[in-house]
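One structure below.
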Amino acid sequence: MIPFGCDFTFANAHMDFSQMDSIIDYFNANNNANITVMYSTPGQYLDAMKAQKEIVWPVKYDDMMPYSDNPQDYWSGYFSSR
């Protein structure tokens, strides 16, 4: 899954999506891997992943906090897992 866009993207959605369509078409026509690129939603991605029976999903028991996304910025307790 490759997220595409953000809060301030798509001021010119027609141009953005036509360019992405060209990239997707080129990749699908020229890749040697067993990969197909397509537009999707997070729900469709999760449904496809759940359908893969041979995947063993890990269970995380500890907390990911404190999380740092910049050298001096810590998110202590934000969205803790337990």
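The values are calculated or read from the model by the stated rules, or taken from the named source; none is laboratory data. Note that the coordinates shown come from a computational prediction; the quantities given were computed from them, not determined experimentally. In this analysis, Cβ positions are derived from the backbone assuming ideal geometry, glycine residues included, and neighbour counts consider all displayed protein chains.
Hey, among the residues in the stretch 53-77 that are modelled with pLDDT under 80 and of a type in the set (A, V, I, L, M), which one's nearest to the chain's Cα centre (by Cα)? Checking each candidate, the answer is Met64. Restricting attention to the stretch 22-41, the residues being surrounded by 10 or more Cβ atoms within 10 Å (Cβ to Cβ) and in a loop (DSSP other than H, G, I, E, B) number 4. Scanning the stretch 1-19 for residues that are surrounded by 10 or more Cβ atoms within 10 Å (Cβ to Cβ) and modelled with pLDDT under 80, which turns out nearest to Pro42 (Cα to Cα)? Filtering first and then ranking leaves Met1.
Within the stretch 2-25, residues that are under 19 Å from Thr36 (Cβ atoms) reach partners that are surrounded by 10 or more Cβ atoms within 10 Å (Cβ to Cβ) and of a type outside the set (D, E, K, R) with beta carbons closer than 6 Å, at six or more positions or on different chains, in the pairs Ile24/Val37. The criterion of being touching a helix residue (DSSP H, G or I) at 6+ places or on another chain (Cβ under 8 Å) and among the hydroxyl-bearing types (Ser, Thr, Tyr) does not hold for Thr41. Return yes when Asp47 is of a type in the set (Asp, Glu) and within 20 Å of Met1 (Cβ to Cβ) and no when it is not. Answer is yes for this residue.
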